[in-house]
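Following: one structure in structure tokens, then a few remarks.
The values are calculated or read from the model by the stated rules, or taken from the named source; none is laboratory data. From a predicted model like this one, the values you see are computed outputs, not experimental measurements. In this analysis, Cβ positions are derived from the backbone assuming ideal geometry, glycine residues included, and neighbour counts consider all displayed protein chains. Areas reflect the complete protein model, heavy atoms only, side chains present, ligands, DNA and RNA absent. Shrake-Rupley method; radii C 1.70, N 1.55, O 1.52, S 1.80 Å.
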Amino acid sequence: MRLVLASQSPSRKRLLEGAGLHPEIIVSHVDEETEHFNAMSPVDMVIALAITKAHTVREQIEGDAIIIGCDSTFEFEGESFGKPETPAIAIERAKRLSGKTGLLHTGHCIIDTKQGRELADRVTTSVTFDELSDELIADYVSTGEPLKVAGGFTLDGFSSPLISAIDGDYTNVVGISMAYLRKSLEHLGYSWPEAKKIGAERSEE
């Protein structure tokens, strides 16, 4: 049995490994910026992309595996903030978010190929930003970090000092709700101690 993370996100990989899991990384390479996905609401889009990523990787592998697909976006005033394409966009968004609150949505899809079962759902966490000066924003954007992450910020990086509060699951903001993952694996019949053994032999090779 393999535990496969269908994501190239270093943060998601760190969360899984930090919790004692042994993920194998297989990137889906799904194009997230299509009209099909962009036409969806933020809450629907993250689930659709998580399912698409997980199934894309499912078609690439053989044998028994648990596949984890995820997608995150930040919803602010009804608009979906994915990864900023340029520093200018990152700066403009940061100015809009200053002193405000938005919603970080992460879609999850977990496929158990051995049982032929699948679970998918969304977890949402409220994120509130401090008042941000132009100097703070410019310094943060100069790190290059916001261009690589949904919403243009992350709790486990350079933007952590800019976030004053969250309401909900911390790990969900980082990229994957570990509580949702545990409950999903339990629903599929795997206790958490059992889940931590999946892929352990492969990771030691």
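The table for this structure:
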| read-out | value |
| --- | --- |
| Extreme residue, surrounded by the fewest Cβ atoms within 10 Å (Cβ to Cβ), among residues of segment 31-78 that are over 18 Å from the mean Cα position of the chain (by Cα) and closer than 15 Å to Gly102 by Cα | Gly78 |
| Filter result (among the hydroxyl-bearing types (Ser, Thr, Tyr) and open to solvent by 20 Å² or more (accessible area, probe 1.4 Å)) within segment 122-169 | Thr124, Ser126, Thr128, Ser133, Ser142, Thr143, Ser160, Ser164 |
| Residue within segment 45-54 that is within 25 Å of Phe158 (Cα to Cα), of a type outside the set (Phe, Trp, Tyr) and in contact (Cβ under 8 Å) with a residue 40 or more places away in the chain present | yes |
| Residue that is most open to solvent (accessible area, probe 1.4 Å), among those in segment 170-205 that are of a type in the set (A, V, I, L, M, F, W, C) and within 29 Å of Gly78 (Cα to Cα) | Ala179 |
| Some residue of segment 86-93 being more than 18 Å from the chain's Cα centre (by Cα), outside any helix (DSSP H, G or I) and more than 22 Å from Lys183 (Cα to Cα) | yes |
| Condition check for Ser7: crowded, with 21+ Cβ neighbours inside 10 Å, out of contact with any Cys (no Cβ under 6 Å at 6 or more places or on another chain) and either on the phi > 0 side of the Ramachandran plot or part of a loop (DSSP other than H, G, I, E, B) (or both) | no |
| Some residue of segment 176-185 being part of a loop (DSSP other than H, G, I, E, B) and among the hydrophobic types (A, V, I, L, M, F, W, C) | yes |
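For every residue, the table says whether it meets (1) of a type in the set (Phe, Trp, Tyr); (2) out of contact with any strand residue (DSSP E or B) (no Cβ under 9 Å at 6 or more places or on another chain); (3) part of a strand (DSSP E or B).
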{"site": "Arg12", "(1), (2), (3)": "no, no, no"}
{"site": "Leu15", "(1), (2), (3)": "no, yes, no"}
{"site": "Asp71", "(1), (2), (3)": "no, no, yes"}
{"site": "Glu75", "(1), (2), (3)": "no, no, yes"}
